[in-house]
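Data block below; observations after.
The values are calculated or read from the model by the stated rules, or taken from the named source; none is laboratory data. All values reported here derive from a predicted model rather than from experimental measurement. No Cβ is skipped: glycine too gets one built from the backbone with ideal geometry, and neighbour counts run over all protein chains shown. Calculation scope for accessible area: heavy atoms of the full protein, side chains included, ligands and nucleic acids excluded. Shrake-Rupley method; radii C 1.70, N 1.55, O 1.52, S 1.80 Å.
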Amino acid sequence: MTGFLLRGARPLGGSATDLLLDGGRIAEVGPGLSRAGAEVLDADGLVALPGLVDLHTHLREPGREDAETVESGTRAAALGGFTAVHAMANTEPVADTAGVVEQVWRLGREAGWCDVHPVGAVSVGLEGRRLAELGAMADSAARVRMFSDDGRCVADPLLMRRALEYVRAFGGVVAQHAQEPRLTEDAQMNESDLSGVLGLRGWPAVAEEAVIARDVLLAGHVGSRLHVCHVSTAGSVEILRWAKGRGTSVTAEVTPHHLLLTDELAATYDPVYKVNPPLRGREDVEALRTALADGTIDAVATDHAPHAAEDKDCEWAAAAFGMLGLETALSVVQEAMVETGLLDWAGVADRMAVRPAAIGRLDGQGRALEPNAPANVVLLDPAARETVDPSRFASHSRNTPYAGRVLPGRVVATFLRGRPTVLDGKPA
Ligand SMILES: [Zn+2]
């Protein structure tokens with residue numbers, strides 16, 4: 001047996017054709033292909049997209065293997081249609097040295113479910129005081145190109161400036177978790193009339209927007225590349241639009257949950273809806289969808305944030321921030337963006353594979369489904385409707401906000417350089 005013949009798939013949702021994957025590459029694309037020895041997969045009615053690339057995944061290893069491991073998190077990624085993920089640095093120990101990023105990178109290679117690109121911390125220990133060894137992480141076997149203190153904001157403007165200046169040398173990017181710390185002390189949910197009614201400390205939009213405004217100015221000033229994590233407010237979108245309009249090198253991501261869910265869910269006091277940044281209002285959700293559709297926001301990123309049950313099954317104020325994302329991302333994007341007519345499948349491929357790969361400087365990912373491209377492919381059934389059942393997740397954690405909800409679409413198969421990681425919706 002050599003290779004896979006995907007018969008009748010619809011690349012980017014277009015007309016049906018065949019794709020032959022062989023030798024780790026897409027060998028041929030066209031109708032009526034045949035190849036002796038290739039395994040034939042009936043892809044009638046399935047949409048083929050480039051393997052998805054996540055810019056923002058928390059794999060929790062090293063340190064919190066009870067919540068997730070590199071193996072379980074990347075298996076979840078493959079089931080969600082991803083062929084590459086960026087692993088955030090807020091592990092224990094923090095990924096702020098060449099040693100830790102190489103460890104995570106190696107664990108990813110051993111697991112084999114998808115490519116793992118470690119994100120290096122900006123500051124030592126995420127403490128926001130001294131720059132971490134950015135150059136050593138860039139030169140390591142993990143070849144780190146994205147740096148972030150995610151989970152915390154690089155609040156010190158001088159440290160942010162230094163980081164932006166430093167990463168220019170190797171084409172890196174600083175990914176900012178935009179959260180002004182003083183404005184969000186003990187904050188629990190979006191600041192609104194509802195936060196007052198519920199008695200939960202408000203998290204004002206300006207706490208995000210002020211940091212993004214500062215950082216796009218800094219990035220423009222030093223001529224470096226800024227990426228804004230999990231944009232959540234309409235005001236942030238306006239700032240990004242302004243910065244891009246004046247030629248600043250800034251990119252931005254939005255999470256699936258910020259495209260679908262609103263702060264009204266906090267009224268349940270169920271901590272499964274507690275997330276950082278918080279769920280916002282309906283007008284914010286509309287602005288985020290519009291910005292993703294028009295390209296002001298470049299990418300969807302999951303911010304997959306697994307938490308052990310004891311960190312989530314408690315009262316709201318004590319619970320950890322974060323939601324699972326990898327195994328439901330594509331379905332949520334289908335519901336929020338495709339079924340609303342805001343994006344077609346080519347647009348989804350662009351925002352979930354092509355642009356994230358470009359932001360992360362990943363040569364072998366996010367490529368068009370054309371001959372000679374690496375065979376990173378996801379096949380999805382857009383007609384499927386499934387009830388989300390967290391007990392079936394590959395993730396070690398269960399903190400999904402979609403449990404029991406019917407979502408559209410189903411990942412049927414994922415191929416990483418021609419090798420199936422998922423077949424018939426199951427790990428291969
Ligand atoms: Zn974050």
**Asked** Of all residues in region 405-415, how many are open to solvent by 10 Å² or more (accessible area, probe 1.4 Å) and of a type in the set (A, V, I, L, M, F, W, C)?
**Response** 3
**Asked** Taking into account only those residues within region 143-163 that are under 16 Å from LEU55 (Cβ atoms) and open to solvent by less than 20 Å² (accessible area, probe 1.4 Å), which is nearest to the ligand (Cβ to nearest atom)?
**Response** ASP150
**Complete:** Considering region 341-360, residues that are charged (D, E, K, R) and surrounded by 16 or more Cβ atoms within 10 Å (Cβ to Cβ), and then whichever is nearest to PHE170 (Cα to Cα), we arrive at ARG355
**Message:** Condition (residue is in contact with a Leu (Cβ under 8 Å, 6 or more places away or on another chain), outside any helix (DSSP H, G or I), modelled with pLDDT of 95 or more and buried (at least 21 other Cβ atoms within 10 Å of the Cβ)) applied to region 332-340: is it met by at least one residue?
**Reply:** no
**Fill in**
Here the qualifying pairs (Cβ atoms under 7 Å; residues six or more apart or on different chains; first in region 265-278 and closer than 11 Å to TRP316 by Cα; second open to solvent by 30 Å² or more (accessible area, probe 1.4 Å) and within 16 Å of the ligand (Cβ to nearest atom)) come out as LYS274/PHE321; VAL275/PHE321
**Fill in**
Looking across region 80-104 at residues that are in a strand (DSSP E or B) and either of a type outside the set (Phe, Trp, Tyr) or touching a Phe, Trp or Tyr at 6+ places or on another chain (Cβ under 8 Å) (or both), the single one that is farthest from the ligand (Cβ to nearest atom) is THR83
**Prompt:** Within region 285-310, which residues are away from the ligand (no atom under 16 Å from the Cβ), within 23 Å of ALA320 (Cβ to Cβ) and of a type in the set (D, E, K, R)?
**Reply:** GLU310
**Message:** Of everything in region 287-325, what is β-branched (Val, Ile, Thr) and touching a helix residue (DSSP H, G or I) at 6+ places or on another chain (Cβ under 6 Å)? Give them in sequence order.
**Reply:** THR296, ILE297, VAL300, THR302
**Asked** Within region 168-193, how many residues are part of a helix (DSSP H, G or I) and touching a strand residue (DSSP E or B) at 6+ places or on another chain (Cβ under 9 Å)?
**Response** 2
